[in-house]
1. FRET efficiency for Arg121 and Asp159, Cβ-Cβ distance as r, R0 = 25 Å, nearest 0.05?
2. Distance from a point 7 Å along Cα→Cβ of Ala104 to each backbone N in region 157-187: keep the residues under 19 Å and list them by number.
3. Under 11 Å from a point 7 Å along the Cα-to-Cβ line of Arg206: which residues of region 125-161 have their amide N that close?
4. Treat the count of other C-beta atoms within 10 Å as a stand-in for reagent exposure and order His205, His189 from fewest to most.
5. Assuming R0 = 41 Å, can you tell me the calculated FRET efficiency for the pair Thr222 and Ala244, based on Cβ-Cβ distance, to the nearest 0.05?
6. In nm, to one decimal, how far is the Gln92 label point from the Ala41 one, both placed 7 Å along Cα→Cβ?
7. With contacts defined as alpha carbon pairs under 8 Å and 6 or more residues apart, what's the relative contact order of region 21-97 in percent?
8. To two decimal places, what compactness ratio does region 23-127 give when its Cα radius of gyration is scaled by 2.2 N^0.38 Å?
Amino acid sequence: MAETAPQTGSPGHQPPSALPGLAGLMLTLDRHSSVCDQVHAVLRKAIVEVRLKPDELISENSICKQFSVSRTPVRAAIQRLAEEGLVDVSPQRGSFVAPLRLEALQDCQFVRRSLEVALLRETLTRWTPGMSAEMRSQIAGQERLVAADDPEGFLEEDDRFHRTLAGYSGREGVWAAIRAAKIPLMRFHRYWAHRSRLADVLREHRAIIDALDAGDPAASETALASHLDMVFVIFGRMTEEERARLPFEVPAGISP
């Protein structure tokens with residue numbers, strides 16, 4: 001079945017292709033939406049999900065041909081990916097998927113942690129039984145995904161959990177900044193995350209909501225901060241051999 005030619009229709013979840021790299025990507029074009037936005041979304045998702053790997057060529061010509069789109073929106077999409085730190089653009093070599101960069105990941109973690117904890121402080125002053133019920137319902141849904149051995153679904157619900165909790169602060173516009181910081185971290189997770197970690201995530205989510213229900217500012221902030229910090233706690237526990245398998249570009253003088 002040919003999958004390279006785009007079709008008119010509503011964009012949505014695309015089933016993964018067995019083909020590797022760019023050849024395995026599909027785009028169902030929505031003629032009422034920006035082509036640049038759609039190309040950007042498909043490429044970003046593939047990079048975050050590690051279907052496009054570090055140092056893999058991002059060919060404008062190949063993308064244009066595969067998706068039957070013009071060069072201008074493709075070039076703009078690649079530029080946006082470069083601004084997000086997901087693609088390296090070189091006039092001499094072309095565009096390639098960027099490696100993981102530890103210093104940039106640490107900066108992203110700082111932004112995400114700072115903003116989510118700040119929003120939690122404001123959420124606590126507005127917390128209601130209805131909010132608690134919604135968050136516990138989401139955690140129950142996450143439990144079902146763990147039982148069904150659906151880590152991809154769990155990752156989506158984890159994102160919804162944090163987005164919903166942040167939204168209860170009343171500062172909906174801040175999520176865009178958090179989301180931007182999360183994107184490189186989400187890619188990082190894909191390289192080392194194990195299914196066994198999901199049960200711990202559930203416990204950490206419950207601890208956050210338990211502290212909010214108790215009206216305890218210190219406990220709620222500690223629960224959220226500890227949960228978010230686990231990404232680098234786990235990285236810090238890795239052996240040198242395990243770290244060597246990660247596609248890192250680590251500048252001299254930077255340590256985890």
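No lab work stands behind these numbers, since they all come straight from the coordinates. In this text, all values refer to a predicted model and were calculated from it rather than measured experimentally. Neighbour counts run over all protein chains shown; Cβ positions are idealised from the backbone, glycine included.
1. Approximately 0.70, to the nearest 0.05.
2. Correct set: 177-187.
3. The answer is 140, 143.
4. His189, His205
5. 0.80
6. Going from the Gln92 label point to the Ala41 one covers 3.8 nm.
7. In percent, rounded to a whole number, it is 35.
8. Normalised Cα radius of gyration, region 23-127: 1.31.
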